[in-house]
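Only one structure is covered here, and it is reproduced in the block below.
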Amino acid sequence: MLQKVGCGLCLIFGIWLICTTIALVFAFSQPIDAFFVLGGSIRREIYVAQKAKQYPQTPILISHGSQDPCMWLIFQREAADMENVWLENCANSTFDNFYYGIPILRRWGVHKVKLITSLTHLPRAKWMAQILLGAHGIWVEVDIVEEQGVPGNRESRLKTGLDITRSLFWAGLSQFIQPQCSNVTRLAEVNMQAWQHRGFKCERQGGVGR
């Protein structure tokens with residue numbers, strides 16, 4: 001019985017692996033159909049706002065970036081359309097960026113994504129993206145945004161190893177479990193009046209204020 005179960009699981013895994021590989025090969029030749037920004041630097045948001053002007057129809061997902069009004073001001077300054085920009089504010093780590101981001105990208109029917117991050121975030125972010133998004137047949141291309149000043153994160157072998165390990169486990173579990181973030185906002189719907197009343201502070205490098 002155990003042998004039959006083992007053979008059955010191996011067969012299922014083999015079929016899934018073949019189907020995923022075919023999907024990735026197909027996605028590789030397709031145009032980018034979403035931008036995925038990993039939070040951690042306002043310069044990444046400035047970069048994607050500039051990209052939004054070139055590709056106004058391509059949806060953008062920013063995972064736990066700067067405060068909502070700061071991003072609103074950046075897109076306004078760049079005269080970029082905000083209708084296709086979504087802010088996910090549940091993530092608290094790079095792993096969470098993918099944990100909450102993948103279900104959203106899957107609902108959008110994304111096959112090829114442009115991942116926007118920084119050199120200080122590599123190679124961990126790239127490897128995690130290739131494992132987790134690749135497991136869902138989503139091809140990943142990476143744009144690296146140049147940072148200025150002191151980076152907000154430091155990479156280490158231990159940190160990279162732990163995140164890669166749990167990404168391998170989650171690549172399988174995420175086929176069946178789809179976490180939902182309860183704090184997703186369209187950038188165009190950010191209530192600037194409420195934020196002005198509440199008060200907010202933007203990263204100096206963004207060049208925007210209250």
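Quick check on region 72-210: of the DSSP beta bridges with both residues there, what percent are antiparallel, nearest 5%?
Within region 72-210, antiparallel bridges account for around 30 percent of the total.
Return a whole-number percent for the relative contact order of the chain, with Cα pairs under 8 Å and 6 or more residues apart as the contact set.
Result for the chain is 27 percent.
Which Rg and Dmax, in Å, describe the Cα atoms of the chain?
My reading of the Cα-based Rg and Dmax gives 18.4, 67 Å.
Arrange 82, 192, 1, 71 by Cβ neighbour counts within 10 Å, fewest through most, would you?
Fewest-to-most ranking of 82, 192, 1, 71: 1, 192, 82, 71.
In the chain, what cysteines have no partner Cβ closer than 4.7 Å?
When partners are defined as cysteine Cβ atoms under 4.7 Å apart, the chain leaves 7, 10, 19 without one.
How about region 117-198: which chymotrypsin sites (Phe, Trp or Tyr not before Pro) there lie in a loop by DSSP and see at most 16 other Cβ atoms within 10 Å?
Within region 117-198, the qualifying chymotrypsin sites (Phe, Trp or Tyr not before Pro) (loop, at most 16 other Cβ atoms within 10 Å) are 176.
Charges only on Cβ, +1 for Lys and Arg, -1 for Asp and Glu: so what's the dipole of the chain about the Cα centre, in debye to the nearest 20?
The dipole magnitude comes to about 340 debye.
Quick one: length gained pulling residue 165 to residue 10 fully straight, 0.36 nm per residue minus the C-alpha distance?
53.7 nm
Within region 107-147, which GluC sites (Glu not before Pro) sit in a loop by DSSP and count at most 15 neighbouring Cβ atoms inside 10 Å?
Answer by residue number: 146.
Sort 144, 62 so that the residue with the fewest other Cβ atoms within 10 Å of its own Cβ comes first and the one with the most comes last.
Going from sparsest to densest Cβ surroundings: 144, 62.
Only Cα pairs under 8 Å and at least 6 apart count here; give the relative contact order of region 93-210 as a rounded whole percent.
Answer for region 93-210 is 27 percent.
With unit charges on the beta carbon (Lys/Arg positive, Asp/Glu negative), name the residue among 92, 118, 3 whose Cα is farthest towards the positive pole of the charge dipole of region 1-127.
3
Pulled fully out, how much extra length does the chain show between residue 189 and residue 2, if you take 0.36 nm times their separation in residues and subtract their Cα-Cα distance?
Stretched fully, the residue 189-residue 2 segment lengthens by 61.9 nm.
Once you have the Cα-Cα distance between residue 176 and residue 32, take 0.36 nm times their residue separation minus that, and quote the gain in nm to one decimal.
49.3 nm
As an exercise, use a Förster radius of 25 Å and the Cβ-Cβ distance of residue 200 and residue 78 to find the FRET efficiency, rounded to the nearest 0.05.
Taking R0 as 25 Å, the efficiency between residue 200 and residue 78 is 0.85.
Just so you know, all these numbers are worked out from the coordinates, no wet-lab data involved. Nothing here was measured: the structure is a model prediction, and the numbers come from that model. Cβ: placed from backbone, ideal geometry, glycine included. Neighbour counts: every protein chain shown.
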